[in-house]
Amino acid sequence: LAKTTQPISMDSYEGQEVNITCSHNNIATNDYITWYQQFPSQGPRFIIQGYKTKVTNEVASLFIPADRKSSTLSLPRVSLSDTAVYYCLVGSAYNTDKLIFGTGTRLQVFP
Amino acid sequence: NAGVTQTPKFRVLKTGQSMTLLCAQDMNHEYMYWYRQDPGMGLRLIHYSVGEGTTAKGEVPDGYNVSRLKKQNFLLGLESAAPSQTSVYFCASSQDSADEKLFFGSGTQLSVL
């Protein structure tokens, strides 16, 4: 079973900021939080990864509170091309939990 | 740099036939994985390998076998295909590190009639 819980789906409009929250109440000390994006008919693609606080790259930001029991993927000013399924994974090199994808969050961006 | 390459991209089998899916990576990664994805579902781990010559079972290993004879290749075999194995199969690889990220291939669409 996945160690994470995400909303099944979200809708947004172009230009808006989208925040997808993932719950991982049983996160272990060594676990990292990793987000992937999957477009139809493609394999998932790594977006961002973090351990604590905030991480930002050219695609997204990842916010992790001090207790690390949840994390929020933030996509600034989404476009139609951001329509995809987003997966939150939690785990480390010491277990296979990091390999469990779950059903993800289906983000639909409207014009 | 091709990354992770899967062959074939599409295949149609009859029930009871056998086939092998090939995954090749050119990133010198230690770990390799096979997933299946059914329509509207997330990915489920079939088997994985933590190094050449090693394999391990994932979430849904029944009906599949794997081999990792060379570090760069990971083979997924179906000895007697069943309609329930109709799915999209994804291969992935990763480096051996605490914060390893998975790199995926483009998938193989398999239909079993």
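The values are calculated or read from the model by the stated rules, or taken from the named source; none is laboratory data. All figures in this text were calculated on a predicted structure; none of them were measured in a lab. A quick note on method: Cβ atoms are made from the backbone with ideal geometry, for glycine too, and the neighbour counts reach across all protein chains shown.
For segment A:20-34, the count of residues that are in contact (Cβ under 8 Å) with a residue 40 or more places away in the chain, under 27 Å from B:Pro39 (Cα atoms), within 14 Å of another protein chain (Cβ to nearest Cβ) and assigned to a helix (DSSP H, G or I) is zero. Within segment B:33-50, residues that are assigned to a loop (DSSP other than H, G, I, E, B) have Cβ atoms under 6 Å from residues that are surrounded by fewer than 18 Cβ atoms within 10 Å (Cβ to Cβ) and modelled with pLDDT under 95 in these pairs: B:Gly42/A:Thr103, counting only partners at least 6 apart in sequence or on another chain.
The rows are residues; the columns are (1) part of a strand (DSSP E or B); (2) of a type in the set (Ser, Thr, Tyr); (3) surrounded by 16 or more Cβ atoms within 10 Å (Cβ to Cβ).
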{"residue": "A:Lys54", "(1), (2), (3)": "yes, no, no"}
{"residue": "A:Phe63", "(1), (2), (3)": "yes, no, yes"}
{"residue": "A:Tyr87", "(1), (2), (3)": "yes, yes, yes"}
{"residue": "A:Gln108", "(1), (2), (3)": "yes, no, no"}
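Which residue out of B:Glu100, B:Glu59 is surrounded by 20 or more Cβ atoms within 10 Å (Cβ to Cβ), within 13 Å of chain A (Cβ to nearest Cβ), touching a strand residue (DSSP E or B) at 6+ places or on another chain (Cβ under 7 Å) and not in a strand (DSSP E or B)? Only one candidate passes the filter, namely B:Glu100. In segment A:54-89, the qualifying residues are those that are within 15 Å of A:Ile27 (Cβ to Cβ) and within 12 Å of chain B (Cβ to nearest Cβ), and the one that is nearest to the chain's Cα centre (by Cα) is A:Cys88. If B:Ile46 passes every condition in (1) in contact with a His (Cβ under 8 Å, 6 or more places away or on another chain); (2) within 11 Å of chain A (Cβ to nearest Cβ); (3) buried (at least 17 other Cβ atoms within 10 Å of the Cβ) but one, which one does it miss? B:Ile46 satisfies all of (1) in contact with a His (Cβ under 8 Å, 6 or more places away or on another chain); (2) within 11 Å of chain A (Cβ to nearest Cβ); (3) buried (at least 17 other Cβ atoms within 10 Å of the Cβ) except (1). Could you go through segment B:17-25 and let me know if any residue there is of a type in the set (A, V, I, L, M, F, W, C) and touching a Cys at 6+ places or on another chain (Cβ under 6 Å). Yes, there is a match, as at least one residue in segment B:17-25 is of a type in the set (A, V, I, L, M, F, W, C) and touching a Cys at 6+ places or on another chain (Cβ under 6 Å).
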